[in-house]
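Let me begin by presenting the structure, written as structure tokens, before commenting on it.
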Amino acid sequence: MLNFNYSIPSKIFFGKDQINVLGDEVKKYASKVLLVYGGGSIKRTGLYDKVIEILNSNNIEFCELSGVEPNPRITSVKKGVELCKENNVGLVLAVGGGSSIDCAKVIAAAYYYDGDAWDIVKNPRKINKVLPVATILTLAATGSEMDTFAVITNMDANEKLGTGHPDMAPKFSILDPTYTMTVPKNQTAAGTADIMSHIFEEYFSNVKSAYVQDRMAEALLKTCVKYGTIAFEEPDNYEARANLMWASSLALNGLLGYGKNSSWCVHPMEHELSAYYDITHGVGLAILTPNWMKYILDDNTVDKFVEYGINVWGIDKNEDKYEIANLAIEKTREYFSSLEIPSRLSEVGIDEEKLELMAKKATRHGKIGSIRTLDTEDVLNILKASL
Ligand code: NZQ
Ligand code: ZN
């Protein structure tokens, strides 16, 4: 296990009716907030009214940025910064999924940056100071509610880039699983695939001695496999929604990555797909993952796939190791299909045209991946296999 410094500062209020802490928690940081939300789901579910009622009864002033897109755009970030400056905002409160939260985080960082907000997405080292951020999560997927990252899209440049800063970690996040009961089936499936992919990116690392992290990763993967299916079939199942929600936060709050030197690879590939074709993040990941797994399976990686197959999928450990590995990959593919996620890029409108360009962009800073590094040609091969 490598050295690490543990710091997971976001305070979590988990469970039914935890929104009741909202007024007191906000007042610790600010008397005026910017409310950031998406295309209207929080209005349809009644959560918006509840938040407004709490802010009003606590004499907290607010202004609003609505309409944040899935794959949030830099244009929305810029609108949010203007609102913060015009209204003297002291905290940015995101109510929604990863897109609203990521937009809120970059608004909070860009508020203190003098140049173009896109600069701090391209270069996180330009972030010096960040307004406090808080979240009310409505979709279990990205882990943004408890991490220090944000992913923003610039459609003009066909770029979708991740940025981050320790102070972008939310000061607090309210995680009430009942808010996720209205998430439609396709987003429940995509969210589950996203959580699993965050775990895979850390799990398939070349650091072999992080035993505790790997067993935690397997527990979280099993949680996704079990409860992803239940939430997909029974949207109102509290146990399923609660377990998925907590798995989403734990998968990406740092816990699984400490002591490893993970370089992610399926995410950089997927971000190119969303940058050019604006597809749902989790869908892109679910299409690429089994093809990436198949591509990297070799004598150096097979033992890790065996661990995965036995510990997550319960495959008989007495089988031949390549059989176990291949079966584990097949089970992964079948699982995503059981959640009705498309399994080919062609099904989501992606053809051969931009594959080479996307492969080049995914590797523009060099090779990607941990357990097996991938160069441009490898990425292109995986994209082609996913068509
Ligand atoms: O916009 P509204 O109307 O709110 O509807 C959303 C949106 O259409 C809807 N939704 C959310 N909660 C709902 C709901 N519908 C009904 N009931 C609810 N309770 O779901 C749709 C998707 O929402 P979005 O926020 O886009 O989804 P998600 O949470 O999956 O976020 C995806 C974004 O996060 C980035 C992705 O790349 C993508 O841009 N990621 C952020 C990460 C991070 N910050 O660490 C890491 C991830 O790997 C990921 O890259
Ligand atoms: Zn993700």
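About its Cα centre, the dipole of the stretch 23-119 is roughly 180 debye, where the only charges are +1 on Lys and Arg Cβ and -1 on Asp and Glu Cβ. Structural descriptor for the chain: relative contact order 16 percent, calculated from alpha carbon pairs under 8 angstrom and at least 6 residues apart. Counting charges near Val95 (Lys, Arg +1; Asp, Glu -1) among other residues having Cβ under 12 Å from its Cβ returns a value of -2.
List the relative contact order of the stretch 213-297 as a percent without decimals, with contacts defined as Cα pairs under 8 Å and 6+ residues apart. Present the calculation step by step, with values, prior to reporting the outcome.
Numbers: 43 pairs, mean separation 19.8, N = 85.
It comes to 23 percent, rounded to a whole number.
Per residue, the accessible area of the stretch 241-387 comes to 40 Å², computed with a 1.4 Å probe over protein heavy atoms only. Summarising the amide proton neighbourhood of Leu175: residues at separation of 5 or more, or on other chains, whose placed amide H is nearer than 5 Å comprise Phe13, Phe14, Gly15. The residue among Tyr227, Thr182, Val106 whose Cα reaches farthest toward the positive pole of the charge dipole of the chain, with charges on the beta-carbon of Lys, Arg, Asp and Glu, is Val106.
Given R0 = 56 Å, the distance between the Cβ atoms of Glu353 and Ser57 translates into a calculated FRET efficiency of 0.55. Compared with the alpha-carbon gap, the fully stretched path from Tyr322 to Asp17 is longer by 105.0 nm at 0.36 nm per residue. The stretch between Asn87 and Ala219, if pulled fully straight at 0.36 nm per residue, gains 43.0 nm over its current Cα-Cα span. Here Asn300 and Asp49 are evaluated by their C-beta separation; at R0 = 41 Å the FRET efficiency comes out at 0.15.
Quote the charge dipole size of the chain about the Cα centre in Debye, to the nearest 20; the model charges only the Cβ of Lys and Arg (+1) and of Asp and Glu (-1).
For the chain, the charge dipole is close to 940 debye.
Max-minus-min Cα coordinates of the stretch 164-203 on each principal axis give 33, 27, 14 Å, with the largest extent listed first. DSSP bridge analysis restricted to the chain gives an antiparallel fraction near 25%, rounded to the nearest 5.
Using r as the Cβ-Cβ distance of Ser7 and His365, and R0 as 30 Å, what FRET efficiency do you calculate, to the nearest 0.05? Using R0 = 30 Å, I get an efficiency of 0.75.
So, for the stretch 176-234, what is the accessible surface per residue at a probe of 1.4 Å, expressed in square angstrom?
Numbers: 2080 Å² over 59 residues.
Value for the stretch 176-234: 35 Å² per residue.
Dividing the alpha-carbon radius of gyration of the chain by the rule-of-thumb value 2.2 N^0.38 Å gives 0.96. Surface composition of the chain: carbon plus sulfur atoms hold 47% of the accessible area, using a 1.4 angstrom probe and ignoring ligands, DNA and RNA. Our summary of shape: the Cα atoms of the stretch 182-310 have principal axis extents of 42, 35, 24 Å, ordered from largest down, in whole angstrom. Helix-only arithmetic for the chain: the sum of -39500 (n - 2.57) across DSSP H runs with n ≥ 4, divided by the residue total, places the mean residue ellipticity at 222 nm at -15500 deg cm²/dmol.
Protein heavy-atom accessible surface, 1.4 Å probe, per residue over the stretch 87-132: 35 Å².
The values are calculated or read from the model by the stated rules, or taken from the named source; none is laboratory data. Computed from a predicted structure; not experimentally measured. We place every Cβ from the backbone using ideal geometry, glycine too, and count neighbours over all the protein chains shown. Just so you know, the surface numbers come from the protein's heavy atoms only, side chains and all, with ligands and any DNA or RNA stripped out. Shrake-Rupley method; radii C 1.70, N 1.55, O 1.52, S 1.80 Å.
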